[in-house]
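This report refers to the structure that appears directly beneath it.
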Amino acid sequence: MWRELLLIVLFYSGYSLTRIVLVQDGTASAFAHADQILRLEGALGLDVELSLNRALLELPWLARAANVFYATMHFAVTLGMVVWLYLRRPQDYRWLRTSLMIATGVAVLGFWLYPLAPPRFLHEAGFVDPVTALQSFGLYASDASATMTNQYAAMPSMHAGWALWCGFVVVRLTARRWLQALGVLYPLTTTLVILATANHYVLDAVAGFAVVAGALALSWLLYARLLPGARARLLGRSSPAVPAPSPRPAAGDRPEPVGAGQSS
């Protein structure tokens with residue numbers, strides 16, 4: 001357990017530090033990319049972020065709840081799911097943990113190659129950050145938290161990606177209908193929250209979903225096809241033992257029929 005916890009802590013620390021380092025190159029390209037995303041979404045009819053943002057701000061209590069959801073659930077649910085897998089589903093833990101790490105590593109490449117300013121920075125386009133507008137609790141509510149992360153790491157959205165990963169785990173590994181329903185609702189709710197709070201674009205969420213889906217497929221292939229003995233563990237069964245055939249007795253060892261050798 002301690003090895004796994006250390007691995008997760010080191011990986012997430014590296015992920016966070018990399019995000020911070022990447023922002024040092026400036027933000028001009030991030031805003032240019034934001035314009036590209038808005039134009040593309042407009043052409044595709046996917047630009048729903050502004051309408052969702054305005055609708056959320058009309059309900060301050062819901063906006064505050066969305067701010068808390070965005071700041072906490074991303075970490076709490078994902079970490080809780082990793083711990084649950086380790087303790088309760090060890091046969092599935094390694095390939096699912098590996099898929100999460102693969103997806104997050106690919107996301108870091110996206111942050112580096114395509115820095116992107118979130119909608120809440122585009123005030124001229126009409127977007128409003130509900131955290132600052134309502135002075136409520138949020139992920140970037142303080143100057144310290146805002147400067148200790150890369151706020152231009154929006155593409156792909158790992159809020160959406162990690163939520164899809166959690167939902168997949170719940171739907172795949174639980175049999176209770178209400179838990180499976182939560183597994184479907186959680187990534188959908190997360191996507192609505194990241195759009196309405198003006199933290200991400202629709203295409204960010206789509207990219208996050210795609211990265212996680214690809215990482216799940218790659219990790220399954222790695223563990224189920226390439227590693228010896230992993231397929232049986234992933235499927236939750238082992239090969240049935242085939243009983244060895246009993247040896248036939250030698251001719252001289254065969255028991256005589258009853259009555260053989262007796263005189264009448």
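The values are calculated or read from the model by the stated rules, or taken from the named source; none is laboratory data. From a predicted model like this one, the values you see are computed outputs, not experimental measurements. Neighbour counts run over all protein chains shown; Cβ positions are idealised from the backbone, glycine included.
Of these, Leu164, Leu173, which one is touching a Lys or Arg at 6+ places or on another chain (Cβ under 9 Å) and either closer than 20 Å to Ala103 by Cα or surrounded by fewer than 20 Cβ atoms within 10 Å (Cβ to Cβ) (or both)?
Exactly one residue qualifies, and that residue is Leu173.
Let's see how each residue does on (1) modelled with pLDDT of 95 or more; (2) of a type in the set (Val, Ile, Thr); (3) under 22 Å from Phe127 (Cα atoms):
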position	(1), (2), (3)
Ser29	no, no, yes
Ile37	yes, yes, yes
Leu46	no, no, yes
Ala55	yes, no, yes
Leu62	yes, no, yes
Gly80	no, no, no
Tyr86	no, no, no
Gln91	no, no, no
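Mind checking which pairs have a first residue in the stretch 99-121 that is aromatic (Phe, Trp, Tyr) and a second that is at pLDDT 90 or above, Cβ under 7 Å, 6 or more apart or different chains?
Close Cβ pairs (under 7 Å, with a partner that is at pLDDT 90 or above) amount to Tyr114/His33; Tyr114/Met155.
Of the residues in the stretch 83-117, how many are crowded, with 20+ Cβ neighbours inside 10 Å, more than 20 Å from the chain's Cα centre (by Cα) and not small (Gly, Ala, Ser)?
Final tally of qualifying residues: 2.
Have a look at Ala76, Ala66 and point out the one that is touching a residue at least 12 places away in the same chain (Cβ under 8 Å) and under 22 Å from the mean Cα position of the chain (by Cα).
Result: Ala66 is the single residue among Ala76, Ala66 that is touching a residue at least 12 places away in the same chain (Cβ under 8 Å) and under 22 Å from the mean Cα position of the chain (by Cα).
From Gly126, Gly208, Gly183, which residue is on the phi > 0 side of the Ramachandran plot and modelled with pLDDT of 90 or more?
Sole residue among the options that is on the phi > 0 side of the Ramachandran plot and modelled with pLDDT of 90 or more: Gly126.
Within the set of pairs 6 or more residues apart or between chains, which connect a residue that is over 18 Å from Trp162 (Cβ atoms) and surrounded by fewer than 17 Cβ atoms within 10 Å (Cβ to Cβ) inside the stretch 216-234 to a residue that is modelled with pLDDT under 60 and small (Gly, Ala, Ser) with Cβ atoms less than 7 Å apart?
The qualifying pairs are Ala224/Ala230; Ala232/Ser238; Ala232/Ser239.
Go through the stretch 21-89 and tell me which helices (runs of 4 or more DSSP H), entirely inside it, have 3 or more residues that are under 21 Å from Gln151 (Cα atoms) and of a type in the set (Val, Ile, Thr).
60-88
His200: outside any helix (DSSP H, G or I) and closer than 25 Å to Pro118 by Cβ, yes or no?
Considered against the rule, which asks whether it is outside any helix (DSSP H, G or I) and closer than 25 Å to Pro118 by Cβ, His200 comes out as yes.
Assess whether Ile102 counts as being at pLDDT 90 or above and under 24 Å from Leu173 (Cβ atoms).
Judged against the criteria, Ile102 is a match.
Here is a check on your reading of the model: is Trp95 touching a Ser or Thr at 6+ places or on another chain (Cβ under 6 Å), at pLDDT 90 or above and within 30 Å of Trp220 (Cβ to Cβ)?
Against the criterion (touching a Ser or Thr at 6+ places or on another chain (Cβ under 6 Å), at pLDDT 90 or above and within 30 Å of Trp220 (Cβ to Cβ)), Trp95 qualifies.
Can you confirm whether Leu195 is part of a helix (DSSP H, G or I) and free of Cβ contacts under 8 Å to residues at least 12 places away in the same chain?
No; evaluated as a whole, the condition is false for this residue.
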